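The values are calculated or read from the model by the stated rules, or taken from the named source; none is laboratory data. Fair warning: this is a prediction, and the values are worked out from it, not measured in the lab. Positions of Cβ are generated from backbone atoms using ideal geometry, with glycine treated the same way; all protein chains shown enter the neighbour counts. What goes into the accessible areas is simple: the full protein's heavy atoms, side chains included, and nothing from ligands, DNA or RNA. Shrake-Rupley method; radii C 1.70, N 1.55, O 1.52, S 1.80 Å.
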Amino acid sequence: MFDAIFLDRDGTISHDPYGYINNLSDYHFFDYTFKALRLLHRYTDKFFIVTNQSGISTGKIDINNLENIHSFISNEFEKRKLPLKNIYFSDNYDEDYFSMRKPGIGMFQKASKEFNLELENCLMIGDSIVDMQVGDRLKMKTIFLLTGMGNDYIDDVRSSCDVNLVSNNLLEAAKDIKLILQ
Ligand SMILES: [Mg+2]
């Protein structure tokens, strides 16, 4: 069991068509997302979403729209009794080690404090190199997905990160998770 599973948002649980999403009508889960999450729920009783949304600081994303999208996501998890404990987002381009923006560790530290998590006993799943970098920094287990931006980052991820598993998508990751448990 993991203390928690941290999920990136865009390109991981949902499509990432433009690099950012400013409207609920543009927000779409992958068709397998909830099937995958039900499988992953066997391995944790806490999910968190950790998402870089720097478009807020540039005006590309409206904070009210972001909140609408996050309410929608929370509802969809709740309907299915999936324990999404919180959605953390960063709204800027800060790049220091402790910043909220991944690969800064801020969002994870916050979750760790608020929910008493041992981060070394958590899993991070994402489609960007920053998801894997922050996983390495915190000695989390990591799964890299080839959805979203995954294909663009795979070479850099393989050469510079200590990834536990590379999967084609979240559903495959959920099925293969056994491989990283021993
Ligand atoms: Mg992503």
Label-point gap, in nm, between Asp96 and Arg158 - each point 7 angstrom along Cα→Cβ: 3.6
Here the residues of the range 1-37 lying in the modelled label zone of Tyr43, meaning backbone nitrogen under 14 Å from a point 7 Å along Cα-to-Cβ, are 1-8, 36-37
Two decimals, Cα atoms only, Kirkwood Rh: what is Rg/Rh over the range 4-180? 0.92
If you average the alpha carbon positions of the range 91-130 and of the range 1-68, how far apart do those two centres end up, in angstrom? 14
Where in the range 49-92 are there trypsin sites (Lys or Arg not before Pro) that are in a DSSP coil and have at most 10 other Cβ atoms within 10 angstrom of their Cβ? Lys81
State the extension gain, in nm to one decimal, for the chain segment bounded by Leu181 and Met1, taking 0.36 nm per residue of separation less the distance between their alpha-carbons. 63.9 nm
When the chain is fully extended, how far beyond the present Cα-Cα distance does Glu76 get from Glu118, taking 0.36 nm per residue of separation? 12.4 nm
Pick from Ser112, Ser74, Ser159: which is most flexible by mean-square fluctuation in a GNM of the chain where alpha carbon atoms under 10 Å apart are linked? Ser159
Can you work out the Karplus-derived ³J(HN,Hα) for every residue in the range 143-156? Use 6.51 cos²θ - 1.76 cosθ + 1.60 with θ = phi - 60°, whole Hz, and x for glycine or proline. 10, 9, 10, 8, 7, x, 8, x, 5, 6, 9, 4, 5, 5
Can you list the GluC sites (Glu not before Pro) in the range 59-122 that are in a DSSP coil and have 14 or fewer other beta carbons within 10 angstrom? Glu95, Glu118
With a cap of 15 neighbouring Cβ atoms within 10 Å, and only residues DSSP puts in a loop, list the trypsin sites (Lys or Arg not before Pro) found in the range 124-168. Lys139
With a 1.4 Å probe and all protein chains left in place, how much accessible area per residue does the chain have, in Å²? 48
Extension reserve of the Asn65-Arg137 stretch, reckoned as 0.36 nm per residue once the Cα distance is removed: 22.8 nm
Give me the percent of accessible area attributable to carbon and sulfur for the chain, probe 1.4 angstrom. 43
